[in-house]
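Data block below; observations after.
The values are calculated or read from the model by the stated rules, or taken from the named source; none is laboratory data. All of these numbers come straight from a predicted model, not from anything done at the bench. For neighbour counting, all protein chains shown are included, and Cβ atoms are generated from backbone atoms with ideal geometry for every residue, glycine included.
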Amino acid sequence: MSTGEWIALAVVLALAGLAAVLVLLVRVFRARKLLADAGIPLQNKALFWSAVVYTISPVDLLPDPIYLDDIGFLMLALRSLHSAGAHAVAARREKRTAPGRTSLTKDLQG
């Protein structure tokens, strides 16, 4: 391969990585918007904002054409928000089953 072909390949890979970062960043913002009123703990909100700041920040663990660190951090934030949302939904369902009684004690007591 000639030097021009290597450069073209590097540019295509860098653009693909950038596209992946942008898609994940949009997904993080959508997840945050959906979970805004779900009673998400402060640590999950902090992880969300730190992922956004890290992604836009010029200081990275890996140089900018390599977006693996940004992608990993955004995926961690998405996973954390998803987990917090699932716990919030489970807590709401628990409250709706019966006030003062969990679904397990309800089943045991008949």
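Tabulated values for the structure
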{"quantity": "Residue count, region 44-90 (criterion: more than 13 Å from the chain's Cα centre (by Cα) and touching a residue at least 24 places away in the same chain (Cβ under 8 Å))", "calculated": "6"}
{"quantity": "Qualifying position, being assigned to a loop (DSSP other than H, G, I, E, B) and at pLDDT 70 or above, among 59, 23, 52", "calculated": "59"}
